Amino acid sequence: MKSNVMDELEKMGRNDLVDEILKYEQEQAEKAKYNGWSNYETWCVNLWIDNDEGLQDHVIQLADEALETEDGGGHNSIWSLSQQIEGIVDEMNPLADKADMFTDLLGSALSDVDYYEIAEHWINDRLSEQEKEEE
């Protein structure tokens, strides 16, 4: 994203620096992504949901319910599911009632989780399953 500083560099004829800054920003944005997810924290939460059979079954059930009761995979159903998933993760947090450095660090990591992205993944997965069953 171009800033006023980069505009000034361009006026000074320093397009080489502008290009380097834009390249660096793009590299940093790519580094922030993790295994196709927006960040490590989001990937990690989804991985644990996917690898815990009971939790996975619960999220599948919630996704199916969201598809039935909301807007069939639109924003409202994804938002509703994202709030439910976030609530489940919050309930699972073993440090939620403590006040120490580790609680702060875990809280910081959990605040970076994109629950909407996770919910969208599960909604899309369920829609794909439904399409396969209809064939």
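Some notes on this structure:
- Residues in segment 45-79 that are crowded, with 17+ Cβ neighbours inside 10 Å and farther than 15 Å from residue 124 by Cβ: 45 only.
- Considering each residue of segment 121-129 in turn, at least one proves to be assigned to a helix (DSSP H, G or I) and β-branched (Val, Ile, Thr).
- Residue within segment 91-110 that is surrounded by 13 or more Cβ atoms within 10 Å (Cβ to Cβ) and charged (D, E, K, R) present: no
- Selection from segment 107-118 of residues that are among the acidic types (Asp, Glu) and in a loop (DSSP other than H, G, I, E, B): 112, 114
- Any chance residue 111 is more than 30 Å from residue 7 (Cβ to Cβ) and either touching a strand residue (DSSP E or B) at 6+ places or on another chain (Cβ under 9 Å) or among the hydroxyl-bearing types (Ser, Thr, Tyr) (or both): yes
Computed from the coordinates by the stated procedures, all read-outs in this text should not be read as laboratory data. Predicted model only: the values in this text are computed from it and were never measured. Reconstructed Cβ throughout: ideal geometry from the backbone, glycine too, with neighbour counts over all protein chains shown.
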